[in-house]
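What follows draws every value from the coordinates through simple rules; no lab data is involved. This one's a predicted model, so the numbers in the text were calculated from it and none came from an experiment. A quick note on method: Cβ atoms are made from the backbone with ideal geometry, for glycine too, and the neighbour counts reach across all protein chains shown.
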Amino acid sequence: MPNGHQHQHPTPPENAPQQRPAQHAHDASPAQVLDLDAEVLAEHLATVTAWLPVQTAPAEILDLGAGTGAGSFALLRQFPDARLTAVDSSAAHLDQLRAKADTADLGDRVRVVQADLDLAAWPDLGTPDLVWASASLHHLADPDRALGRVHDLLAPGGLVAVVELAGLPRFLPATATDERPGLEERCHAALQQRQGEQMPHRGADWGPKLTAAGFGHHDRLTVEVDVAGTLDNAVGPYALAVLQRLRVAAAHALPVEDLAALDQLLDPTSPHSVLRRDDLAARTTRTVWAARRARDDTPVTATTAGRTAERAPAGWFSAAVEAANCDRVLGHERHGIDTLLAGGDATTTG
Ligand SMILES: C[S@@+](CC[C@H](N)C(=O)[O-])C[C@H]1O[C@@H](n2cnc3c(N)ncnc32)[C@H](O)[C@@H]1O
């Protein structure tokens, strides 16, 4: 492990301008990062989909912000008779998802829909009995409105599952690197500062938001992930891809010494490359909230408002259901499960 033998980096002259964010042609694309995430955390993601408190196996699944399909394919495996609609604003992500579905002979079970979920009008997404949104709602400008929509389009008795990240995974020991101990933590602190401004809902507690959207009760699962890097798994390439993105996003706030140390880690030809380390591990925390739409809320709400339409407008419907039904047990345990699976027993991706 070359960690103890890093080069001395020349000290920049005082008041020297900070290095600009380095973006190299070989940097991983967002789709590649999602695929590496899915590969490293596949086993843990399967644990999460197995945990979902569905009452009967869903026939129609909706994956909101599906990306390249990490959750979609885990759900299709978990529920082999289900069909799935994958929604994303990125055509590139959906193309990859479509190609993977075809390769895996799952094409006839998958529909892809390109849509911006921030827009007021959503395309027809059917009446799913399971809606899955992993690491996607925090990208939206108004996730509360989106959750209200989800509530209203779910089949009565259907389940929504929201997966949230504690942040990007960590890979290095806290003491790394020898020259710049604590380097990774400083990168994350810089990133968090920026994300706090640009993505204020990242890391949100989705429980109260589900309640506000009309769901009366939720279960929650928190999963600690710790996947050791080995020669034959994807932890090294995943670390490289995530650190590349961190470097770009956090460069504005890091001292040049940190950027130089990062560049050593990111240079595959360097003896200090992250790909040559034997002390990597993908560590993160994922939390899943699952909530059910009441089986009987449609007639109650429509009657209460004197409406004839089967389906009320989004927002109005959620507010009315909250007022009328929020204290009901939604065919599930009244008290949430708050499970902590430690030590790599379970995981999800994002
Ligand atoms: C971090 S990725 C998560 C992908 C996938 N759910 C997973 O767990 O691997 C977030 C995804 O949300 C999509 N997204 C972001 N904003 C969106 C929007 N306004 N409408 C639809 N999709 C959006 C992105 O294109 C990206 O694929």
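Pairwise inverse Cα distances across segment 86-172, averaged and inverted, put the Kirkwood hydrodynamic radius at 14.5 Å.
In terms of other Cβ atoms within 10 Å, 29, 270 run from fewest to most in the order 29, 270.
Ranking of 219, 27 by neighbouring Cβ atoms within 10 Å, starting from the fewest: 27, 219. Normalised radius of gyration (Cα atoms, divided by 2.2 N^0.38 Å) for segment 59-116: 0.96. Here the 3J(HN,Hα) profile of segment 86-92, calculated from phi with Karplus coefficients 6.51, -1.76 and 1.60 at θ = phi - 60°, is 9, 10, 7, 7, 9, 5, 4 Hz, Gly and Pro shown as x. Evaluated at q = 0.10, 0.14 Å⁻¹, a Debye calculation over the C-alpha positions of segment 30-342 (equal weights, vacuum) places log10 I(q)/I(0) at -0.60, -1.08.
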